[in-house]
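Heads up, the thing below is written out as structure tokens.
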Amino acid sequence: MVSVTNGQLTMTWRESAELAVRRLAAITVAGTLLGLLVGGVGGRLTMMLLAVLNPRAAGVTSDDGFTIGQFTILGTAQLLGATWQLGLLGAFAYALLRGLMLGPTWFRVMSMALGSGVVVAAVIVHTGGVDFALLQPVPLTVGFFVAIPVLYAALLTLVAERWLAAGGWPARGHVKWVLVTLLLWLPLLPLLPVLAGVWLVSEWLRRRPEPPALRPVLSWLARAVLAVVFVLAIADLVSDVQILA
């Protein structure tokens, strides 16, 4: 059912909520799968390569609790569990920031990938502990940990937007099966109410007769804040690399 407000067609609250759930389902599944593939499988291959290049680090416990140079079922399961949750965090961030993307597809992918990748890498790369002190060469090690989140964010943007396009499976599937995909949030369940709260506030503001210039101003202000975070992340990453090198 569609209502008419001020001469414009407006979805009911129920219709808007269902659309939001379908969008979140697409982002959730994409984020989780890519977290497991790019972060889990890609991360495991990266660690194996770095272990081969650094035989003296074999047997050392990494900062994340993994034994460098050892491949175990338990260790792999722990890594996949961690990347599942990291994939959900990526989906959470994407769901919040998606409305701020602009420009053609290539620019959306590039800005999301580089922005997210550099910020995440700046958090991961550190000068304390053993990971980046032992695993050489530093540019290659840091490059891997920049490339993984960059690749994840780029693929998430492409896959999620493809699924969100008209005719994608979230739009065609029965709503009960779409809701089932939200069970993937169980490891980080408290984040769902946050997304719900943001959607409620956004939907309430969207339905208010507010000045048309307010929303673009707020959007550009948010983009400016993200740009500052990106610059600070680059500075932090460069500083860490200089100390480690």
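Our helix-only sum for the chain, with -39,500 (n - 2.57) per DSSP H run of n ≥ 4 divided by its residues, gives a mean residue ellipticity at 222 nm of -23000 deg cm²/dmol. For the chain, the relative contact order works out to 28 percent when only alpha carbon pairs closer than 8 Å and six or more residues apart are counted.
Between T67 and S62, the built amide H atoms are under 5 Å apart, and every one of these is 5 or more places off in sequence or on another chain. Largest first, the three principal axis extents of the alpha carbons in region 2-244 are 71, 38, 30 Å in whole numbers.
Simple spin-label estimate for Q242 and A165 gives 4.4 nm between the two label positions (7 Å along the Cα-to-Cβ direction from each Cα). Rounded to the nearest 20 debye, the dipole magnitude of the chain is 800 debye, with +1 charges on Lys and Arg beta carbons, -1 on Asp and Glu beta carbons, and the Cα centre as origin.
Helix by helix, which DSSP H runs in the chain go 30 Å or more along their axis at the Cα atoms and have an average Kyte-Doolittle hydropathy of 1.0 or more?
Values: long enough: 13-34 (31 Å, 0.60); 73-97 (35 Å, 1.38); 138-164 (39 Å, 1.70); 214-244 (45 Å, 1.72).
For the chain, where a helix must reach 30 Å along its axis and average at least 1.0, the hits are 73-97, 138-164, 214-244.
3J(HN,Hα) along region 125-137: 6, 8, 8, x, x, 10, 3, 8, 7, 8, 7, 10, x Hz, from the Karplus curve 6.51 cos²θ - 1.76 cosθ + 1.60 with θ = phi - 60°, whole Hz, x for Gly and Pro. Each Lys or Arg adds one and each Asp or Glu subtracts one; over the other residues with Cβ under 11 Å from the Cβ of W163, this totals +3.
A short reminder: the numbers here are calculations on the coordinates, not readings from a lab. Because the structure is a prediction, the values reported are computed rather than measured. FYI the Cβ positions are ideal-geometry reconstructions off the backbone, even for glycines, and counts take in every protein chain you see.
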